[in-house]
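So the structure is just underneath, and the comments pick up after that.
The values are calculated or read from the model by the stated rules, or taken from the named source; none is laboratory data. Computed from a predicted structure; not experimentally measured. Cβ atoms come from the backbone with ideal geometry, glycine included; neighbour counts cover every protein chain shown.
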Amino acid sequence: MKHLLFLPLFCFWAVTLNAQDTVSIPDSLSGWQTSWSVGISGSQASYSNWSQGGINNIAATGRTTFTSVYKMDRFSYGVLLHGRFGKTKVQNEGVRKIDDRFMLLNRFLYDLSDDSADFKLFANLRFRTQFDDGFEYGKGEDGSDRLISGFLAPAYFTQDAGLAWVPSESFSVEAGLGLQQTFVKNRSLGPVFGLAPGDRFRSEAGLTFATSVKTGLSTNLSYEGTFSTFTSFNKSLKSTDVFFTNTVTGKINSFMNATVSLDFVFDDDFSTELQVAQVLSLGIVFTLR
């Protein structure tokens, strides 16, 4: 199938972590707390003389997340390292990437008072990129695949600081000032992400806003969501970058989860249209503490 109209639903990651673009630090913590999780999921489908149609495929995705948090008196620190990568092999279409992400976050917090820890000063240092090349399949002038991204193409390094309201571990709101650097290792991909032809680097300053929520919907069902924006001082308000992620996770047993994620991105450096990703996944995850 030239345009690959469908992929198997259960082919991505064990537990999506888009909603964990931030790291929560319990006010009750004293000292260090560390967690590391590893997950894998996969699918396979084969058809022969099947009246409903179908295409043979096999897919697998792995992911890992390392989190370490520290709190002592008014000061808190957290580090989050997250990576995931997945591919699928589809009959007559070859091997194609279905998921790819690397992110490193360092987060610093300082309580404004001893009596109430709801209001904090915050600072974030975040780096994100991907592991492998990304393509628009069949979009080349001759019908070939068109390269649109790659390792360190793009890579984003952001630094922001300001005031956060964190009334609980499950909810937070923050606003501040930020810097964002965009880097592309491959110069030819610069214009795809809003850089001038031949450039590899751009730095911007702007306003940042973010909110996150995590809540239980029932005994074995939970929701995580984040909403964040970056408004560059050099662009109009309508060019604000917007990231909105939603993840619902159902716990089947101690090591198996089912997850539905729905993510929206608006970044007019890449496209003036809304980017949407929806994934239903089933997989195995192991957590080490």
Pull up segment 210-222, narrow it to residues that are crowded, with 16+ Cβ neighbours inside 10 Å and in contact with a Ser or Thr (Cβ under 6 Å, 6 or more places away or on another chain), then point me to the one that is nearest to E169 (Cα to Cα).
-> K214
Regarding G225, is this residue assigned to a strand (DSSP E or B), small (G, A, S) and within 15 Å of the chain's Cα centre (by Cα)?
-> yes
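Which residues, taken from segment 184-200, are more than 18 Å from the chain's Cα centre (by Cα) and either in a strand (DSSP E or B) or surrounded by 15 or more Cβ atoms within 10 Å (Cβ to Cβ) (or both)?
First, pick out the residues of segment 184-200 that are more than 18 Å from the chain's Cα centre (by Cα): 184-192, 194-200.
V184, N186, L189, G190, V192, G194, L195, R200, listed by residue number.
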Taking L207 as the residue in question, decide whether it is surrounded by fewer than 16 Cβ atoms within 10 Å (Cβ to Cβ) and either at pLDDT below 95 or assigned to a strand (DSSP E or B) (or both).
-> no
Taking L29 as the residue in question, decide whether it is out of contact with any His (no Cβ under 7 Å at 6 or more places or on another chain), modelled with pLDDT of 85 or more, surrounded by 19 or more Cβ atoms within 10 Å (Cβ to Cβ) and of a type outside the set (F, W, Y).
-> no
Residue satisfying all of: in segment 229-259; over 18 Å from T64 (Cα atoms) and aliphatic (A, V, I, L, M); surrounded by the fewest Cβ atoms within 10 Å (Cβ to Cβ) among these = L237
Expected single match for touching a strand residue (DSSP E or B) at 6+ places or on another chain (Cβ under 8 Å) and either without any contact (Cβ under 8 Å) to a residue 40 or more places away in the chain or more than 30 Å from K251 (Cβ to Cβ) (or both) among A210, A117, A164, A155 is A155
Among residues of segment 157-180 being loosely packed, with under 15 Cβ neighbours inside 10 Å and modelled with pLDDT of 95 or more, the residue farthest from D267 (Cα to Cα) is W165
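Look at segment 138-175 and say how many of its residues are assigned to a strand (DSSP E or B), over 16 Å from V192 (Cβ atoms) and not hydrophobic (A, V, I, L, M, F, W, C).
Looking only at that region, the number is 8.
Picking from F127, F85, F135, which residue would you name as being within 28 Å of T208 (Cα to Cα) and of a type in the set (F, W, Y)?
Details: F85 fails: within 28 Å of T208 (Cα to Cα); F135 fails: within 28 Å of T208 (Cα to Cα).
Only one candidate passes the filter, namely F127.
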Restricting segment 241-273 to residues that are free of Cβ contacts under 8 Å to residues at least 24 places away in the same chain and over 16 Å from the mean Cα position of the chain (by Cα), the residue that is farthest from G42 (Cα to Cα) = T272
